[in-house]
Amino acid sequence: MKNPARSSREIKKQTEVVQELKSEIERISKSDGRARSANSLVNPLENNNLNNFRDDRIKETGDEFRIESENEERSLNSSNAPYGALQPLLDNPEIEEIWINSPQRIFVAKNGKSELTNVVLTTTQLQAIMDRILMWCGRRIDLAHPFVDARLPDGSRLHISIPQITAEHWAINIRKHLMRGKTLRDLVELEVFDSQILDLLQSSVNQRKNLLVSGSTQAGKTTLLNALASAVPIGERIITIEEVFELKPRVPDCVAMQTRSASLDGVGEVSIRKLIKEALRMRPSRLIIGEIREAESLDLLIALNSGIPGMATIHANSARDAIRKLQTLPLLAGENITQDFITPTVAHAIDLVIHVGLDGLGTRRVLEICKVNDRCENSNIEMENLYLWKEDKYVSGLCD
């Protein structure tokens, strides 16, 4: 308890020391411009220096100041930690994604299910955390550029939208880079698929088949794509192309490339289409595209039909829907592309579609694997179902 008999001079002196302590902590935290670990704002040497600084000031003001100064230090350490009050959510290995609708409405996803957290921030606190993160990422956000899509230092993927695009508050998503299964065998152990499918996938990779991984958001597409890329035999050169770095295939010869947004002057943009064209000049043995969304699908199909095998992911509700979507997206290129050209091109280019999603129990699983036959009629591409997850086992049959 504070002593009410303290003189105004003592109170003024201790207030000055608190401000000095704040300044010293902020100086140390910003001295190298790097993100700090979750457990400590500063390294042991810096902590020692900070403690010495505090102790020197305590001698001047008395023991009563110790509790006050230590509380101040803890508060500042928490607020200056890499992600502030969000840090426990990012450190929790069970949390897959964090999204913020407002400073008072912060949600997480665990095992594919969402829940509201008890974390409550002020607008100022949230703004400070986001400003720090944007500085680390080398990105800026304003009314002229109201979106940010970036990769955090730990590999997590960040997306931000701001008012006036959003109604009132910043909308923030942080998709954590968990990658629990790094190899195909890891995914068998996680029960994503069984040993028979493991043999099929490894054989398809060895035979340089062109693979398309489909599924909804958070279905596990990127994890499976990464495991497939890691199964590529040693001696092959892989080029990965993504909007934001996420893939980390475990192969010795790999070049990773990502897109770049235009500068404030509207120059310097590097698109996936541009990266695919550049990758073809880099002696690739395989092209791995993180996700096909738009006109870049045309460039991928042309590359696959030129003899360079590859893999990609696509958002779709089934293997059949994935092929239908791939028949449509190239039309966005608007380069005298017709459906009569696209349909046989897709049939020639894609060998296997692997559809992933959540089963009836909410477990991530390969739900369907379809072989794409090199035959089509009236814009319909013939597909054969190799595996279909039905109730609690895999069965074979024709694709719907």
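The values are calculated or read from the model by the stated rules, or taken from the named source; none is laboratory data. This structure is a prediction, so every number in the text was calculated from the model and none was measured. Counting neighbours? That spans all protein chains shown, and the Cβs are built from the backbone with ideal geometry, glycine included.
Yes/no matrix, rows are residues, columns are (1) assigned to a helix (DSSP H, G or I); (2) surrounded by 12 or more Cβ atoms within 10 Å (Cβ to Cβ):
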| residue | (1), (2) |
| --- | --- |
| A347 | yes, yes |
| V353 | no, yes |
| V356 | no, yes |
| C376 | no, yes |
| E384 | no, yes |
| W389 | no, yes |
| S396 | no, no |
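Among the residues of the range 150-164, the ones that are closer than 17 Å to R260 by Cβ, of a type in the set (D, E, K, R) and either modelled with pLDDT of 85 or more or exposed (fewer than 15 other Cβ atoms within 10 Å of the Cβ) (or both) come to 1 in all. On the basis of being outside any strand (DSSP E or B) and touching a Cys at 6+ places or on another chain (Cβ under 9 Å), does T343 make the cut? For T343, the condition - outside any strand (DSSP E or B) and touching a Cys at 6+ places or on another chain (Cβ under 9 Å) - is met.
Of all residues in the range 261-282, those satisfying the criterion of being part of a loop (DSSP other than H, G, I, E, B), of a type outside the set (A, V, I, L, M, F, W, C) and surrounded by 11 or more Cβ atoms within 10 Å (Cβ to Cβ) are S261, E269, S271. For the condition touching a helix residue (DSSP H, G or I) at 6+ places or on another chain (Cβ under 6 Å), part of a loop (DSSP other than H, G, I, E, B) and closer than 24 Å to E243 by Cα, E335 does not qualify. Taken together, the residues in the range 206-256 that are among the polar types (S, T, N, Q) and either part of a helix (DSSP H, G or I) or at positive phi (or both) amount to 6.
Can you say whether V192 is among the β-branched types (V, I, T) and without any contact (Cβ under 8 Å) to a residue 12 or more places away in the chain, as far as the supplied structure shows? In short, no. Within the span defined as the range 339-350, every residue fails to be small (G, A, S), modelled with pLDDT of 95 or more and closer than 30 Å to L178 by Cα. Taken over the range 305-331, the criterion of being over 26 Å from the mean Cα position of the chain (by Cα) and of a type in the set (A, V, I, L, M, F, W, C) is satisfied by I308, L331. Taking the range 100-126 as the range and being within 20 Å of D142 (Cβ to Cβ) and either touching a strand residue (DSSP E or B) at 6+ places or on another chain (Cβ under 6 Å) or at pLDDT below 90 (or both) as the test, only I100 passes. In the set (1) among the aliphatic types (A, V, I, L, M); (2) buried (at least 16 other Cβ atoms within 10 Å of the Cβ); (3) touching a residue at least 24 places away in the same chain (Cβ under 8 Å); (4) not in a helix (DSSP H, G or I), I129 fails one condition alone, (4). Considering (1) touching a residue at least 60 places away in the same chain (Cβ under 8 Å); (2) within 30 Å of L143 (Cα to Cα), the lone condition that E294 does not fulfil carries the number (1). Considering the range 97-110, the residues that are in contact (Cβ under 8 Å) with a residue 40 or more places away in the chain and in contact with an Asp or Glu (Cβ under 8 Å, 6 or more places away or on another chain) include one that is nearest to L152 (Cα to Cα), namely A109. The residues on offer are I239, I172, and the sole one that is touching a His at 6+ places or on another chain (Cβ under 8 Å), buried (at least 18 other Cβ atoms within 10 Å of the Cβ) and either modelled with pLDDT of 95 or more or of a type in the set (K, R) (or both) is I172.
If the condition is being among the aliphatic types (A, V, I, L, M) and either without any contact (Cβ under 8 Å) to a residue 24 or more places away in the chain or in the same structural domain as P249 (by TED's automatic domain parsing) (or both), then the range 153-165 contributes I162, I165. So, V395, is that one aliphatic (A, V, I, L, M) and under 17 Å from G215 (Cβ atoms) or not? No. Taken over the range 111-122, residues that are in contact (Cβ under 8 Å) with a residue 24 or more places away in the chain and under 16 Å from N173 (Cα atoms) amount to 5. Taking every residue in the range 383-395 that is at positive phi and assigned by TED's automatic domain parsing to the domain that holds V356 and pairing it with any residue that is among the β-branched types (V, I, T) and at pLDDT 95 or above, at least 6 positions away or on another chain, yields no pair with a Cβ-Cβ distance below 8 Å.
Filtered by the rule that a residue be under 11 Å from P330 (Cα atoms) and of a type in the set (V, I, T), the range 270-312 gives I292, I302. Is it the case that E168 is over 24 Å from Y387 (Cα atoms), among the charged types (D, E, K, R) and in the same structural domain as P146 (by TED's automatic domain parsing)? When the stated conditions are applied, E168 passes them. Restricted to the range 197-222, and to residues that are modelled with pLDDT under 95 and among the polar types (S, T, N, Q), which residue is nearest to G310 (Cα to Cα)? Residue satisfying both the conditions and the ranking: T222.
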